[in-house]
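Right, one structure below, let's go through it.
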Amino acid sequence: MNKFEVTILGSGSALPTLKKRPTSQLVQYSNKYFLIDCGEGTQVQVRKAKVSFLKISHIFISHLHGDHYFGLIGLMSSMHLLGRVADLHVYGPKELNEIIHLQLRASYTQLRYNLVFHELVGKDSQKIYEDKNLEIHTIPLKHKILTNGFLIQEKPRPRKAKPEKLKFYEVPHYKIDGIKRGDDFETPSGEIIPNDTFTFPPEKERSYAFCSDTAYSDKIVPLIENSSLLYHEATFLEKENALAKKTYHSTAVQAGLIANKAKVKGLLIGHFSARYKEEDTTTFLSEARTEFENVEIAEEGKTYSVK
Ligand SMILES: [Zn+2]
Ligand SMILES: [Zn+2]
């Protein structure tokens, strides 16, 4: 099975502190690296994760609050200094493209590599990336400004063949792909042999959903249903419920509720407001657990496997 992991590079909120960096996550699938959000200091965190900058091919920016992208120009500049030549794909709201180009122009920097910018809009979920194993879709969120989460999803996998049965029934080679897709087999005498004689069901496709920042929104639920792992912001505790609503953020209980309704397997929470202290972490967990049992804190530097 291909490696599918998420490393939390930053899990803080608007104000960086000594303990928490702003949002950034590195997703590894097989030998590909995707960066989701790029808060201030992300490049240092990527170094700590011992991943070469040059391996990151796609960067997805959820929205243009500084805690989600102020590290982008620094990282792009380092990629330039390190002699990157491969294309870099950046996804985000259209203003991000203007911001990047203004910064490059002001410093007379001509990037050595090609920047491919993909504008994201936010009304409906869109497929924004596809390769042979994966698809990435946006998750429109409910925040003060245009904001998208991202769903990284494995494509349905073929059924697994039972070689001894293929041999026994003398299945011709050209039929095997069809059988892996679920076809039955007709023998030369016209007998139909059902597909499950030749194959095992495929492994269930895995998916990772990233939702930050957002007010509580039921519209998210169908877009992330049955995900293997969900990261959902939880900026506030329940006693700041009114503030969460006003600032278009979520509480830990609401993050748990979304996970519960979407029937995901596991939930990570982060983006806690800097007003809270280290010892409040357990309250975040216990409040989220009132709605969803399998929840963990998104810890910086920690890698979570998507399973
Ligand atoms: Zn934020
Ligand atoms: Zn925000």
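No value in this document is a laboratory result; all are computed from the given coordinates. Please read these numbers as outputs of a predicted model, since none were measured by experiment. Positions of Cβ are backbone-derived with ideal geometry, glycine not excepted, and every protein chain shown enters the neighbour counts.
Observations
- Region 74-177: GluC sites (Glu not before Pro) falling in loop per DSSP and having at most 11 other Cβ within 10 Å: Glu170
- With neighbours defined as other Cβ atoms within 10 Å of a residue's Cβ, the residues Lys204, Lys32 order from fewest to most as Lys204, Lys32.
- For region 174-181, backbone phi angles converted through the Karplus equation (6.51, -1.76, 1.60; θ = phi - 60°) give residue-by-residue couplings of 5, 8, 5, 4, x, 5, 5, 8 Hz, Gly and Pro being listed as x.
- Dividing the summed -39500 (n - 2.57) terms of all DSSP H runs of n ≥ 4 by the residue count of the chain sets its mean residue ellipticity at 222 nm at -6000 deg cm²/dmol.
- For region 160-200, projected area of the alpha-carbon convex hull averaged over all directions, nm²: 2.5 nm²
- DSSP-assigned coil residues among chymotrypsin sites (Phe, Trp or Tyr not before Pro) in region 91-136, each with at most 14 further Cβ atoms within 10 Å: Tyr108
- For region 59-67, Karplus couplings with θ = phi - 60° (6.51, -1.76, 1.60), whole Hz, Gly/Pro x: 10, 10, 10, 6, 6, 9, 6, x, 5
- Proximal lysines to Lys265, defined as alpha-carbon separation beneath 25 angstrom and excluding residues fewer than eight positions away on the same chain: Lys3, Lys32, Lys127, Lys132, Lys142, Lys155, Lys160, Lys204, Lys219, Lys302, Lys307
- Evaluated over the Cα positions of region 52-192, the convex hull gives a direction-averaged projected area, one quarter of its surface, of 13.0 nm².
- Cα-based equivalent ellipsoid of the chain: semi-axis lengths in Å, sorted from largest, via gyration tensor: 39, 26, 16
- Distant-in-sequence amide contacts of Tyr304, defined by a placed amide H-H separation under 5 Å and a gap of 5 or more residues or a different chain, comprise Val6, Thr7, Ile8.
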